[in-house]
Amino acid sequence: FFFQAEDGIRDYKVTGVQTCALPILRQLELLTVEQMYAADRAAIRGNLTAEILMERAGRAVSEQIQRRWQPKNTVILCGPGANGGDGWVVARQLAAAGWPIKVALVGDRARLKGETAHHAGHWAGSVEPATPDVFSGAELIVDALFGAGLNRELQGTEATIVNAMDKHPAPVVAIDLPTGVNGNDGQVMGAAATADLTVTFFRKKPGHLLVPGRFLAGETVVADIGIPQEFAADATTFENAPTLWPNTPPELNPGGHKYSRGHVLVGGGLRTTGASRLAARSALRAGAGLVTIAAPTESWPIYAAAELEVMVHPLASSQDFSDLLQDSRFTTVILGPGLGVGERAQHLVKFAAMAKRKLVLDADALTAFTERPEDLFSLLDGNSSSILTPHAGEFRRIFPDIGGSKLNQARLAAARSKATVILKGPDTVVAAPDGRAVINSNAPPWLATAGSGDVLAGIVAGLLSAGSPPFEAAAAAVWLHGAAATALGGGMLASDLIKELPNAFADAANFQDR
């Protein structure tokens, strides 16, 4: 790699590296702000300089802009730090391509330092102070104010400027992150403008995927600016995609049979019978060889009349469930969907945990332990094949003292419970007890419908039953769930997801082949 100033002032040529988007390479590692800074420093200690990296970053942003828009009146809002330095490069590149550019600076140009001052010094055009009025007449805005470097709440004039940018009708291109979005947790720090396009570098950060950052970033492009790939080798957080679980579900054994694919046992409820039926059917679709619903005797006729492929076994008491688990062919248990909250739910969880079955706990099976969540964790201790699938409300009931980012919450919960945790939502996080985590990004808003969580629990159990490890089963289930919903479109019902699962599996297989 080398960096050559062709005329010493205005134009730069970068060779030996591609400043291109990376979706084809499927770079799924997510780096915290601190890890990204460490990667930058490591690259600078090698063959690169801070000036080179900044030049490449600005060029990458300029290229993405020119791919999408024709020259138009563009306001580039520059901050006093490295994000602003990228903005100076964008200004120079676009101006050289014939774009009408207005540069607005927050701060004093004379106080700029290092590589930011270096690139600001190569801008020959005018510069004006950043105010809310600077966007007048803008047809495109480049947000190069603070990016990931912001570690405080935006207040006063800065917040006013960002709010004015957000209200302006022109498209916004954010460099690295929309100003005001925390790179580690996606939260808004005082104010933030919604971007139409965000161009970041080397790797995404959790804040690009965690809500509300995911919705504020718009289309997000990762540009390769020449930082060696090994500087992401220590990543433990990933954007969820089939590349991460290539053998899920495991390939079928041509000589196998239905029992070799596992037998899932679903705890049925007395009144809300649809939930456990959705879970059972989706488990069968997702890979289980057999599925049985253990239903209270009173509601057994409802289950039996409604099911064809799913078997139904009547239970006169909780003890009958324990007796049923003496059959070792039941490999995986789902408890929670429509189960009901109370001692019965606690007893069924206890019996399944004591029987050392692969275990998927959702909804009522979690809420039943609200008063004494430590009892649940004690039951799960030693069972490495347990998966918890709470939404935010259920999570607060059993982990009331765990705070921080959604990613932090899921990780701490997994470590405490010694189970894989699926913390559901538009930005579902899956965390393993060993610290690995994925953030899912393919869930459409219409997935928030009655019964979709029951279907997810069933998909998890089906994959688990078929032989996938817990973390991989959880991550795959969440992605397949989102892929099926995306394909179906608005107006879908939870039961539609089950029918769409074969196509979602095909999408995952095709993804692997890219």
>> Quick check on K205: is it touching a strand residue (DSSP E or B) at 6+ places or on another chain (Cβ under 7 Å), open to solvent by 10 Å² or more (accessible area, probe 1.4 Å), in contact (Cβ under 8 Å) with a residue 12 or more places away in the chain and not aliphatic (A, V, I, L, M)?
In response: no
>> Just to verify a result, which residue in the stretch 67-92, among those that are among the basic types (K, R) and open to solvent by 30 Å² or more (accessible area, probe 1.4 Å), is nearest to A110 (Cα to Cα)?
In response: K72
>> Here is a check on your reading of the model: is G125 under 25 Å from E34 (Cα atoms) and of a type in the set (G, A, S)?
In response: no
> Cβ-Cβ below 6 Å, separation at least six or inter-chain, first residue in the stretch 374-397 and closer than 14 Å to V360 by Cβ, second open to solvent by less than 10 Å² (accessible area, probe 1.4 Å) and not hydrophobic (A, V, I, L, M, F, W, C): which pairs?
Replying inline: L380/S386; L380/S417; I387/T420; T389/D362
> Of all residues in the stretch 162-182, which are in contact (Cβ under 8 Å) with a residue 60 or more places away in the chain and in contact with a Ser or Thr (Cβ under 7 Å, 6 or more places away or on another chain)?
Replying inline: D176
> So which pairs qualify, if the first residue must be in the stretch 326-344 and without any contact (Cβ under 8 Å) to a residue 60 or more places away in the chain, the second must be hydroxyl-bearing (S, T, Y), the Cβ gap must be under 6 Å, and the two must be at least 6 apart or on different chains?
Replying inline: V341/T367; R344/S318
> Are there any pairs, at least 6 apart or on different chains, whose C-beta atoms fall under 7 Å, with the first in the stretch 300-317 and open to solvent by less than 90 Å² (accessible area, probe 1.4 Å) and at pLDDT below 95 and the second in a loop (DSSP other than H, G, I, E, B) and among the small types (G, A, S), and if so, which?
Replying inline: Y303/G268
> Condition test on K424, is it closer than 15 Å to A474 by Cα, open to solvent by 30 Å² or more (accessible area, probe 1.4 Å) and either of a type in the set (K, R) or in contact with a helix residue (DSSP H, G or I) (Cβ under 6 Å, 6 or more places away or on another chain) (or both)?
Replying inline: yes
>> When you check R277 against the structure, is it surrounded by 18 or more Cβ atoms within 10 Å (Cβ to Cβ) and not β-branched (V, I, T), yes or no?
In response: yes
>> I want to confirm something. Restricting to the stretch 239-248 and keeping residues that are open to solvent by less than 50 Å² (accessible area, probe 1.4 Å) and not small (G, A, S), which single residue is farthest from the chain's Cα centre (by Cα)?
In response: T248
>> farther than 17 Å from P426 by Cβ, more than 18 Å from the chain's Cα centre (by Cα) and not charged (D, E, K, R): is that true of A235 in this structure?
In response: no
> So which residues in the stretch 48-66 are hydroxyl-bearing (S, T, Y) and open to solvent by 20 Å² or more (accessible area, probe 1.4 Å)?
Replying inline: T49
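The values are calculated or read from the model by the stated rules, or taken from the named source; none is laboratory data. The model shown is predicted, which means the values in this text are computed figures rather than measured ones. Backbone-built Cβ (ideal geometry, glycine too); neighbour counts: all protein chains shown. Please note that ligands, DNA and RNA were not included when accessible areas were found on the heavy atoms of the full protein model with its side chains. Shrake-Rupley method; radii C 1.70, N 1.55, O 1.52, S 1.80 Å.
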